[in-house]
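Q: Provided herewith is a single structure, encoded as structure tokens, for subsequent inquiry.
The values are calculated or read from the model by the stated rules, or taken from the named source; none is laboratory data. Just so it is clear, the structure is predicted and the values come from calculations on it, not from any experiment. Every residue, glycine among them, receives a Cβ derived from its backbone with ideal geometry; neighbour counts consider all protein chains shown.
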Amino acid sequence: MNRRPTPELDPSSWPAFDASALRSPQRAIYFARHQAIELYLASTSLKAIEASTGVKRGQLYRLLDHCLAPHEDGRLFGWRALVPYARVAPYQRIAKVRLRADGSGAAGAFDELLQRHPAIAGWIVQQVRAKRIAVEQTTTAEGLRIRLRGLKHLHIDFLLQCRQAGLTAADYPFNAQRMGIRSLAKMVRTECLRTFGRGARLAGATHLKGMPGDIAAPAAREAFDVVEFDGHRLDVRLKVVVRDPLGFEQQFEIERLWLLVIIDVYSRAVLGFHISLSREYSRYDVIRTIEAALEPHRPHDFTLPAVLQESTARDTADTDARRTRAGPAPGIRVSALLAPAL
């Protein structure tokens with residue numbers, strides 16, 4: 001018997017996804033899945049859907065379940081679940097751990113260990129909160145990396161906890177080549193950076209002003225429910241050339257360029273932005289960003305002809321109401337969730 005649309009299948013309430021960010025092969029797969037879902041909701045037969053999109057019945061049912069799965073932001077996955085290789089649930093190991101000669105075959109073994117022994121998972125969280133681990137940020141050729149100091153001693157105590165839990169040499173992590181130190185480091189790193197305040201303290205910060213505490217972000221169920229603030233450092237170097245009263249050129253180099261934005265969580269619309277030319281942005285730059293989000297939208301006056309033509313063409317083609325926003329509607333609750341980047 002064919003499944004037909006139910007009241008809970010309301011794609012108009014699903015979070016949108018910008019498929020232009022995908023590469024061409026993945027974009028084609030995404031649009032085929034998107035079309036299959038739309039045809040299914042339009043009561044098209046499964047045979048016609050498979051002939052038109054190539055999506056088979058079993059895959060279509062799984063995609064529907066993925067779209068209705070809850071996301072960590074409090075909303076449904078929606079169209080985001082159709083992205084190729086998107087994970088809608090964490091990996092859970094079912095088979096018993098049997099390591100091969102090359103050391104492989106232990107995927108998901110650490111998570112299974114913590115599920116069978118929740119006391120060990122609680123012990124790891126307690127060690128992170130007790131500052132047994134320190135966080136260091138190092139610069140490498142591939143970018144910024146996070147290094148954990150004190151991991152070796154924590155790993156020794158972790159193995160002691162496993163022995164006390166009754167694990168033997170034939171059990172994971174004792175039968176692994178490195179005895180689970182990499183999986184332990186991954187979990188510890190996640191716990192260290194779970195909140196901004198905890199990551200800052202483990203990095204050596206002694207005073208944090210105005211931190212809201214370890215609270216979860218509220219779910220955004222409609223526009224203007226929750227907004228996000230973030231600061232993005234642009235990897236560009238600019239030089240400003242001005243002429244002094246004597247007619248000589250004076251050059252000033254801008255070392256950093258910060259783009260501060262406030263985004264609506266539900267619609268992903270940019271409500272306001274501000275550009276800071278300082279080495280680090282300050283609270284006054286944050287205030288200007290909030291002011292830009294609360295004020296009605298005003299078009300910018302560009303002085304460069306190429307930028308003016310491109311901006312005019314883009315504004316003409318884009319008829320989205322978010323670009324011509326006139327400010328929050330009366331009665332809409334706007335709660336700002338400030339989460340500066342580390």
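Q: Tell me which residues, restricted to the stretch 41-91, are charged (D, E, K, R), in contact with a helix residue (DSSP H, G or I) (Cβ under 9 Å, 6 or more places away or on another chain) and assigned to a loop (DSSP other than H, G, I, E, B).
A: 56, 75
Q: Would you check if residue 185 is in the same structural domain as residue 163 (by TED's automatic domain parsing) and either surrounded by 11 or more Cβ atoms within 10 Å (Cβ to Cβ) or touching a His at 6+ places or on another chain (Cβ under 7 Å) (or both)?
A: yes
Q: Just one of the numbered conditions (1) in contact with a Pro (Cβ under 6 Å, 6 or more places away or on another chain); (2) part of a helix (DSSP H, G or I) is not true of residue 126; which one?
A: (1)
Q: I'm told residue 181 meets every condition in (1) at pLDDT below 80; (2) more than 30 Å from residue 15 (Cα to Cα); (3) touching a helix residue (DSSP H, G or I) at 6+ places or on another chain (Cβ under 9 Å) except one. Can you identify the failing condition by its number?
A: (1)
Q: Hey, another quick one. In the stretch 131-171, which residue that is surrounded by 13 or more Cβ atoms within 10 Å (Cβ to Cβ) and of a type in the set (Val, Ile, Thr) is modelled with the highest pLDDT?
A: 133
Q: Restricting to the stretch 243-272, give me the number of residues that are more than 23 Å from residue 218 (Cβ to Cβ) and either touching a helix residue (DSSP H, G or I) at 6+ places or on another chain (Cβ under 9 Å) or modelled with pLDDT of 85 or more (or both).
A: 12
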